[in-house]
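Trainee: If you scroll down you'll find the structure; I have some questions about it.
FYI, it's all coordinate maths here, none of it is from the lab. From a predicted model like this one, the values you see are computed outputs, not experimental measurements. Note that we place each Cβ from the backbone using ideal geometry, even for glycine, and neighbour counts take in every protein chain shown.
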Amino acid sequence: MSDILRTKGLLAGLYLLYFAAMGCGGKSSTTPVCKLSAIRIFPASATIDHTAPPAGNTQHFDAFASASTPVLGCFEALGSLQTATWSVSDTTNVSISNVHDATYGTATCKGATTGAATVTAIVPVGDGTNVTNTASLTCN
């Protein structure tokens, strides 16, 4: 009796592994193409006081995967994307860190902006293309 249970357990385990592989990019004619198609930036906009002492003159931004059309068998990363390259439109009054430490994605207001500065995150997809999104930052 234990040989039958062991065989059934082994078969169930093999089926589980097979279906897990099919949902995670295994070889199949119906394997989904799991590719990052969009990102979102949080916060989408912020206003900070450039005269405030550090860290009051800073704003941290995060880039997240954002599936515009979810694909069955693919999953969306829940954490902040650490492959984003950050930039700002007003480099005179705002800087943003690309150093992979606690300052990564943190913008610092060095002066007042005329209107909102654009904060851009560019994330490589892995096939030679990138996805991009923007947020806005006003430094009063």
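Trainee: For every other residue with a beta carbon closer than 15 angstrom to the beta carbon of Leu137, add +1 if it is Lys or Arg and -1 if Asp or Glu, then tell me the sum.
Mentor: Overall, the nearby charge balance is -2.
Trainee: Now a separate question. Would region 32-139 count as rounded, prolate or oblate if I go by the C-alpha gyration tensor, calling it rounded below 1.5 in a/c and otherwise prolate when a/b exceeds b/c, oblate otherwise?
Mentor: Taking the square roots of the gyration eigenvalues as a ≥ b ≥ c, region 32-139 is prolate.
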